[in-house]
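Take a look at the structure set out below.
The values are calculated or read from the model by the stated rules, or taken from the named source; none is laboratory data. No experiment lies behind these values; they were computed from the predicted model shown. With ideal geometry, Cβ positions are generated from the backbone for all residues, glycine too; neighbour counts draw on all protein chains shown.
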Amino acid sequence: MMDEVKFLQNLLRINSSNPPGNEHKITEIFMERCKEKGLPFKVASLGANRSNFEVTLKGTGEKHLFLCGHMDTVSPGEQEWDYSPFSGEIVGDRVYGRGASDMKSGLAAMYLALESLFLENISPPASVTFLATAGEEVDSCGARAFLLENEKRKIDALIIGEPTNEKIVIGHKGALWLEITTYGKTAHGSMPEQGINAVDHMVKIVKLLDMLRAEWEIETLPLGRSSLAVTMIEGGIQTNVIPDRCTIRVDIRSVPPQSHNELINDLGEKLNGLVAMNDIYKFRVTKILDRPSILTSPSKNLIQDALSLKGNDGSDCFGVSYYTDAAVLNPLSEIPTLIYGQGNEKLAHQPNEWVSVSCYKRSIEFYKNLILAYENKDRL
C-alpha cells in the first residue's frame, strides 16, 4: 500500500473530535514524520492537549504562500457506521473515517506536497508554510492563536484544503449565529393575565425574523443567496407556569456586501420598536459566532494558476456555503484565497464519511504543482 495512504489512515485513526479536540495527537503524527524525513517544524501549544503545527519551506522569492487546514473534526455522532469512524478502513477506492473529507485528507495532501518538494531539494518560487490548526469546527482557536503570535508575518496568498470535490472555490458565505432571549413574568397557568408570557413574545420575534429573511436576502455569485434560519428554541418551566424566559438560536449566512454589524443593528432597532409598541417586554441579543464571508477575484495569480492546472478558462470558479479558517486569517478578503480539496463537501459531518483514494493522490500533485506555479516567473 502506498505510503501516502497509510499516512492518511494514521490521521483518521486519531479521534480529534471537537470538543474536546485533542489535536496535539495529530500534531504528534506530523512531528514523528518530520523527524523521520529531517524536515524542520514548529509546534505552538494551546494547552489541554491542543496545538498548532507548522512547517515552512524557504522559497527563492519574497512572497509567502500559506497552506492551511484544521486537525479537529466533528463528533462521529450516534448513528451506526458501516465502518468504524476511526478505522481508516479501505474499501475499493474509498478510505472511510471521520474527517476523511473534512478535512484530514486535505491536510495530509497539503503536507505531503510540501514534504515532496523538501525531499527533492526543490526551492519553490515563494516561501511556503503548511499550517495545521486546532479548533476550526467550534471557535477557530488555533487560527486566532496563530494571528496573536504572528502579527508581523505576511500572508501573500492562502490555500485552504477544505472539501470542494476538486472544484476551484474562490469564496465562502459568512456565518452569524445569534442567541435571542425574551423575558417575562411567571404566573399560574390558570391565570395567564397575571404574568408576562416570554414564549408568546418570542413568537412575535420569530415572525419578525421571517420578515427579515426576505428583506435581507441578496444573491452574490458565485456564493449564492444569503439565508436566515431559526434553528433552536427553549423556554418554559412547566406546563402550569407562565414562562418568564424563552431563547432561540438563529443561523444567518451572509454574502458580500452584507455587513454583520449592520444586520445586528437593524435587528436591534426593530426589536426596540416591538418593545416601544408593548408587543414584547424585554429582550437580549447575544452574538455566538461571527465569521465574515470571503471572496477572491478570479483574476488573482493564485486563482489563475489553479485554473490553468485544471485546464479551465476562468469560468469554472465556485463558492461554498460553509465557513473556513480563512474567515479568521483573512477577514477582509485582502489575501487571495483558494479553497480546494479532494473531499466531497456533501459527506462532511455525515456518517460513513469517506474520500476517494485516487482523488486524494491526485490532490497531492495538484498542491505540489500549484506551489511551483505560484509567483513563478515562467508562468503557466
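Mind telling me which of the residues THR129, THR73, THR27, THR60 ends up being farther than 23 Å from PRO163 by Cα, assigned by TED's automatic domain parsing to the domain that holds LEU338 and among the β-branched types (Val, Ile, Thr)?
Exactly one residue qualifies, and that residue is THR60.
Checking SER358 against (1) small (Gly, Ala, Ser); (2) surrounded by 19 or more Cβ atoms within 10 Å (Cβ to Cβ); (3) out of contact with any helix residue (DSSP H, G or I) (no Cβ under 7 Å at 6 or more places or on another chain); (4) under 20 Å from LEU107 (Cα atoms), only one condition comes out false. Which one?
SER358 satisfies all of (1) small (Gly, Ala, Ser); (2) surrounded by 19 or more Cβ atoms within 10 Å (Cβ to Cβ); (3) out of contact with any helix residue (DSSP H, G or I) (no Cβ under 7 Å at 6 or more places or on another chain); (4) under 20 Å from LEU107 (Cα atoms) except (2).
At pLDDT 95 or above, hydrophobic (A, V, I, L, M, F, W, C), assigned by TED's automatic domain parsing to the domain that holds PRO19 and buried (at least 24 other Cβ atoms within 10 Å of the Cβ): does that describe ALA145?
For ALA145, the condition - at pLDDT 95 or above, hydrophobic (A, V, I, L, M, F, W, C), assigned by TED's automatic domain parsing to the domain that holds PRO19 and buried (at least 24 other Cβ atoms within 10 Å of the Cβ) - is not met.
Are any residues in region 90-116 among the acidic types (Asp, Glu) and either surrounded by fewer than 18 Cβ atoms within 10 Å (Cβ to Cβ) or at pLDDT below 95 (or both), and if so, which ones?
ASP93
Do you know which residues across region 218-232 are loosely packed, with under 13 Cβ neighbours inside 10 Å and in a strand (DSSP E or B)?
GLU219, ARG225, ALA229, THR231, MET232
Mind checking which residues of region 43-68 are free of Cβ contacts under 8 Å to residues at least 60 places away in the same chain and either touching a Lys or Arg at 6+ places or on another chain (Cβ under 6 Å) or surrounded by 12 or more Cβ atoms within 10 Å (Cβ to Cβ) (or both)?
VAL43, SER45, ALA48, ASN49
Please verify whether region 117-139 includes one or more residues that are over 22 Å from SER363 (Cα atoms) and among the small types (Gly, Ala, Ser).
yes
Any residue at all in region 131-151 that is more than 19 Å from the chain's Cα centre (by Cα) and of a type in the set (Ser, Thr, Tyr)?
Within region 131-151 (the criterion being more than 19 Å from the chain's Cα centre (by Cα) and of a type in the set (Ser, Thr, Tyr)), the answer is no, since none of the residues qualifies.
Here is a check on your reading of the model: is ILE205 out of contact with any Gly (no Cβ under 6 Å at 6 or more places or on another chain), of a type outside the set (S, T, N, Q) and outside any helix (DSSP H, G or I)?
no
Taking into account only those residues within region 136-166 that are out of contact with any Gly (no Cβ under 7 Å at 6 or more places or on another chain), in contact (Cβ under 8 Å) with a residue 40 or more places away in the chain and in a helix (DSSP H, G or I), which is farthest from ALA326 (Cα to Cα)?
GLU149
Here is a list: MET71, MET2. Which entry is surrounded by 15 or more Cβ atoms within 10 Å (Cβ to Cβ) and either aliphatic (A, V, I, L, M) or at pLDDT below 95 (or both)?
MET71
Taking only pairs six or more apart or across chains, which ones have beta-carbon atoms under 6 Å, a first residue in region 333-347 that is farther than 13 Å from GLY319 by Cα, and a second residue that is surrounded by fewer than 22 Cβ atoms within 10 Å (Cβ to Cβ) and of a type in the set (Asp, Glu)?
GLN342/GLU166
Specify the residue that is nearest to LYS207 (Cα to Cα); the eligible residues are those in region 233-249 that are free of Cβ contacts under 8 Å to residues at least 40 places away in the same chain and outside any strand (DSSP E or B).
By that ranking, first place goes to GLY236.
Need the failing condition index for GLY235 against (1) under 27 Å from ILE196 (Cα atoms); (2) touching a Gly at 6+ places or on another chain (Cβ under 7 Å), just the number.
Failing condition for GLY235: (2).
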